[in-house]
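Notes for the one structure printed next.
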Amino acid sequence: GAKSALMLLVPIASASSASVQVSWTQTARLGEKVTLLEDQTPFVLSSGACDGCPDRAISVDSKQTFQTFEGFGGAFTQASAVNWRKLNATGQAELIRAYFADPADGGLGYTLCRVPINSCDFSPESYTFDDVEGDVALEHFDSTVQKDVDLGMIDMILAAEAAVEARGESHGVRGLKLKLLASPWSPPAWMKLPMKGVYGDPGEGIRTMTGSAKPFGLDPDYQASWANYFGKWLAAYKARGVDSLWAVTVQNEPEASPGWESCLWTPEYMAKFVAEHLGPTLKATHPEIKIFGFDHNKDHVAEWADGLYKNKTAADYFTGVAVHWYGGLNTENLQKAHEVDPTKSILGSEACNCVGHVVLQQDGVSSWWTRAERLSLDILEDLKWWAVGWIDWNLLVDVNGGPNHLKNLCDANMIQDAAGDKGGQPLIKQASYYYMGHFSRYLPRGSVRIGVNDTVEQEKPPGKDDLKNSQPMVFTPCEGSPLQSFSLDSGGMLTVAGTHFCLDISAYGKGPRVDVYSCAHSPNQQWERRDAPSCPAGGQGTPACSLLISPSTDKCLTRVTTSGAAIGLDAGSKYTVAQALPCIAGGDPSQTFSLKFGDAGGFPLSFPIRSLATPGGSGGGERELCAGPYIAREPEFASLAFATPGGGVSVVAMNRGDKPLTFSLLDVEAGLGAERLTVPPHSISSLVLPPLDEETSAGPAPSPGLMAVPPDSRAAASEGVGEEAPGETAIRGALATAAAALAAFAVSAALRRRRHGRGGLQAVQQGEDRPMDRPYVIWSQEERAAAGSPFAAGRVRSEMSSVMR
C-alpha cells in the first residue's frame, strides 16, 4: 500500500501557487515501536500557505548567516581501536562504512574526529612515548608510536581516512578529507609537578599521569619539552601515513583531576604556555595545525575564553576554545564566550552518556531512547550558539562500556559484541547512532547556520509543577521566584511554599547534601529557626538574622561553593549549594540567613532563605543569593537550520516531549510555507529545502522577529563546495591550507545556489540528485482521528530496527 507519513500536512495554496517539494527523514518512538532514519513522503512549501499561520512556527531566513560548520565525528580512543580489532574483517569494514561512508551509501558521513595524545582513561593502561626521566631533549621519544600501532589506532584512522577520501572522489567532492583533533590527557609523569600530601607520598611528593598538582600540573621547567613533545607526536603520526591532522587542544579537561590521566591548568598558565612555547613550536614545525584552548565543560568557557585571549600573543595562536557537554547546556556561556572574541571558534569536542554504562534497546526502549535525545539536544544547542563542529566520544566500546583501565565506563553510538554476549549482532547500533545521522547526514562540512525563529515551544520559567524528589538545594541570585519561597510549620517541616516538598537531609540525615523531597515528617526533614550568634545591628531576635538547624543532627544549613559532583553534576563545574554541616561556634556568614522579604513580612508562612553577604558581585562587592531547588529544565522542542554547500537548506527539528506538536514551516526569503505540520512525540526530523530559482521564489515574506545576533565575522574553512550552478565558477581542489581565502566565497556561493540554482529537489550531499518517486500522502481528518495519534497501528515502519534486536 501507499507509504504513510508520520507528519500531517495540510497545505492550503492553490494549484497555481509557487511551490517546492521538501524531502524529509524521521526517527521516532512510540512505546516499544521505533522507526530509524526512515525517509518520509515529501511535502510541499507553497506561496500563501502561511498567510494566517498560527503563532507556533519555524521560520528560516537564509539571508541571516552565522558560523561555518566543519563536521561531525567521534574519537579514535585506545578502547575504540581495541574493540575494532575484536571484530572480524567484515565487522571492521562495516564500522568504517557506517560512520564514514556517504549518506547515499548508508553512512553517517563523518568528517571530524579526535584522537588522544598518549593514553587516556579509555585505554587498557597508562603510557606515553617517552618515559625516560629528565629527557629534556626527547632523545628517547618513540617516533614509531608503536603502542598506538599495536592497539590498532593507526590502522583504524587510516581506514577512516581512506573511506572519507573515497567518498569525496565517488561523489564529486574534490579534496574531501577527514580532519583530526588531537588532545593530551597528561604529559609524561616526569614532566609534572609533584603532588604533596597525598596517599603514598614519601615526603617529596608524587609525580604521576593519573593525578595533578594544583593549581597546575605541568612543571614550568618542562614547558619547552612538552611543546616539543606535541611536535614529535604529530611528526610520528604523519610518518605512519596519517595526513588528517588538523588541530590540537592544549589539554583535555584542564579543570579536573578525577583519578585518571589528567593535568590541571589555569587560563593564565595555559595562555603563557601557548604564547611562549606551544604556539611558536607548532608554527615552526607544523604550521598548518590549529590550536584550541580550554577543552572542558561549558559552565566556565566564557571565563576561560577571556583568560586565554587576554594574552594577546597567545590569542594570535588560538583558533578558539573546545567544550565538553558534561556540565549542562550552558548556552548563555557559549554566547558570552563568542562575544569575548567573535573571530574565534567554539568546537564541541566530547560528549557521551556514562551513568549506567551501556544501555541497550533490550534493556528498555525508553532509557535507550532518552540517551539519544539528550545528546541530540546538546548538538542542537551547541550549533545554535556558535559551535563549528561536534565530536562524540568513543567510536566503539564493548558491552560493558570499556575497556577503561580505571573502570570509568560509558556508552557509545556503536557497541562491540563479537562474543555474542547480548545474543545479537557483533556490531550494535544504538539509538544515538540514528539520532546523530539526522545531523551528520544533512549538515555537511561547509554548511552555514542561518536565521531561525522557533516559536513552537512556548517558553516558561520553571515552576512548582517541575519539582521532583532528590532535586538538590542550591543558591542562585534572588529573583522572587515561587521556588525561592518557603514555609515552616509547627512540626518543623520546611517546605517549598504551597507544595508538599520538604527540605530533606540526604542519606537519612547523614548528609551533607540537602534536597527537596516529598514530605514524610521524618527527623531528617525537621528544622528549627534560631537566632544567629552574631548579627548586624537591628537584626537580633528577628527572622532577618537566623540559623536553620536540624534538631536530630544538630547541624546547620550551610551555603557552600563546591564542585558540581556534590549534587550529582560534573566534577569540573562549580555550584553554591546547601549542605547540612556542623554549626560554627560564634556564627558564620555561610550559616546566617535572612528569612524575610524586603517588607519584613512573610515568616513563617512565606519567606526566602536569603544569604546576608555573598562575595562575587559586580565590581568586587557583594550580592545576595537565595536558596531554591536546582531544576535542570531543558527544551522539549528545538530546531536549527543550515544553508548547505549544494545550495539548499537543511532543517533539523526534535520533539522530546510526550505529545505531538503542530506548527508551521516558513521559508522567509522564498515567501513559501506549509501549515499544520505535526511531528510525533520523541522524534527527530531532518528536512531538506531545495535550491530556489527565480520562478520558484514568491518573494520575501515578513519575518516574525528573527534572532538579532551579529553574524560571525570569522572566515572559516570550507571544502567541497558542491556542484556548479549555471553561470558560476567552479571551486576545485579546495584544501584546508587555502580555507581562509576560499571561505567567504564558499559561503556566498552556497547562498547564491540557494537563490539561483536549478529547480527541483537536490539532496543534501554535494553533487547528488535524489529522485522523488514516492506518492504524496495527506492524512484525512477521519484517518487521523481513527489513528488517535500520528503513530497509528501499522503506520510505523521499522525497517532498520531489526539490527537493534
The listed residue being among the β-branched types (Val, Ile, Thr), modelled with pLDDT under 95 and crowded, with 22+ Cβ neighbours inside 10 Å, out of 34, 20, 44: 20
Which listed residue is within 22 Å of residue 635 (Cα to Cα), open to solvent by less than 10 Å² (accessible area, probe 1.4 Å) and aliphatic (A, V, I, L, M), from 301, 321: 301
Given (1) surrounded by 23 or more Cβ atoms within 10 Å (Cβ to Cβ); (2) at pLDDT 95 or above, where does residue 339 come up short, assuming only one miss? (1)
Tell me which residues, restricted to the range 383-406, are open to solvent by 20 Å² or more (accessible area, probe 1.4 Å) and acidic (Asp, Glu). 398
For residue 440: the one exception among (1) out of contact with any helix residue (DSSP H, G or I) (no Cβ under 7 Å at 6 or more places or on another chain); (2) without any contact (Cβ under 8 Å) to a residue 60 or more places away in the chain: (2)
Look at the range 502-524 and say how many of its residues are in contact with a helix residue (DSSP H, G or I) (Cβ under 8 Å, 6 or more places away or on another chain) and closer than 13 Å to residue 467 by Cα. 4
From the list 175, 241, 200, pick out the single residue that is touching a helix residue (DSSP H, G or I) at 6+ places or on another chain (Cβ under 9 Å), at pLDDT below 95 and either surrounded by fewer than 19 Cβ atoms within 10 Å (Cβ to Cβ) or part of a helix (DSSP H, G or I) (or both). 175
Go through 482, 477, 444 for me and flag whichever is modelled with pLDDT of 95 or more and either open to solvent by less than 10 Å² (accessible area, probe 1.4 Å) or not aliphatic (A, V, I, L, M) (or both). 444
Criterion: out of contact with any strand residue (DSSP E or B) (no Cβ under 8 Å at 6 or more places or on another chain) and either among the basic types (Lys, Arg) or on the phi < 0 side of the Ramachandran plot (or both) - qualifying residue of 256, 236: 236
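Let's see how each residue does on (1) under 19 Å from residue 626 (Cα atoms); (2) open to solvent by 40 Å² or more (accessible area, probe 1.4 Å); (3) assigned to a strand (DSSP E or B); (4) modelled with pLDDT under 95:
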{"residue": "450", "(1), (2), (3), (4)": "no, no, yes, no"}
{"residue": "504", "(1), (2), (3), (4)": "yes, no, yes, no"}
{"residue": "540", "(1), (2), (3), (4)": "no, yes, no, yes"}
{"residue": "556", "(1), (2), (3), (4)": "yes, no, yes, no"}
{"residue": "559", "(1), (2), (3), (4)": "yes, no, yes, no"}
Selected residue [open to solvent by 10 Å² or more (accessible area, probe 1.4 Å) and modelled with pLDDT of 95 or more] from 236, 224: 224
Answer yes if at least one residue in the range 74-89 is open to solvent by less than 30 Å² (accessible area, probe 1.4 Å) and assigned to a strand (DSSP E or B), and no otherwise. yes
Checking the structure you have, find out if any residue of the range 92-100 is part of a strand (DSSP E or B), aliphatic (A, V, I, L, M) and open to solvent by 30 Å² or more (accessible area, probe 1.4 Å). no
So which residues in the range 561-583 are open to solvent by less than 10 Å² (accessible area, probe 1.4 Å) and at pLDDT 80 or above, if there are any at all? 564, 577, 578, 580
Can you name every residue in the range 136-156 that is open to solvent by 10 Å² or more (accessible area, probe 1.4 Å) and touching a Pro at 6+ places or on another chain (Cβ under 9 Å)? 151
State which residue is nearest to residue 236 (Cα to Cα) when the search covers only the range 285-337 and only residues that are part of a loop (DSSP other than H, G, I, E, B) and small (Gly, Ala, Ser). 327
Any idea how many residues of the range 605-649 are modelled with pLDDT of 90 or more, β-branched (Val, Ile, Thr) and either over 30 Å from residue 24 (Cβ atoms) or open to solvent by 10 Å² or more (accessible area, probe 1.4 Å) (or both)? 1
Which of the numbered conditions does residue 358 fail, given that it passes all the others? Conditions: (1) closer than 30 Å to residue 125 by Cα; (2) open to solvent by less than 10 Å² (accessible area, probe 1.4 Å). (2)
(1) open to solvent by less than 60 Å² (accessible area, probe 1.4 Å); (2) assigned to a loop (DSSP other than H, G, I, E, B): which one isn't true of residue 520, the others all being true? (1)
Say whether the condition of being within 16 Å of residue 188 (Cβ to Cβ), in a loop (DSSP other than H, G, I, E, B) and more than 29 Å from the chain's Cα centre (by Cα) is met by at least one residue in the range 218-234. yes
Show the residue pairs meeting these rules: Cβ distance below 6 Å; 6+ apart or different chains; first residue within the range 323-340 and under 19 Å from residue 371 (Cα atoms); second residue in a helix (DSSP H, G or I). 325/378; 327/298; 327/299; 329/381; 330/298; 330/299
Flag for residue 114 being more than 18 Å from residue 171 (Cβ to Cβ), in contact (Cβ under 8 Å) with a residue 12 or more places away in the chain, assigned to a strand (DSSP E or B) and not hydroxyl-bearing (Ser, Thr, Tyr): yes
Can you give me the number of residues within the range 338-352 that are among the charged types (D, E, K, R) and in a helix (DSSP H, G or I)? 1
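The values are calculated or read from the model by the stated rules, or taken from the named source; none is laboratory data. Keep in mind it's a predicted model, so treat the numbers as computed, not measured. Counting neighbours? That spans all protein chains shown, and the Cβs are built from the backbone with ideal geometry, glycine included. Accessible surface is based on the protein model in full, side chains and every heavy atom, while ligands, DNA and RNA are left aside. Shrake-Rupley method; radii C 1.70, N 1.55, O 1.52, S 1.80 Å.
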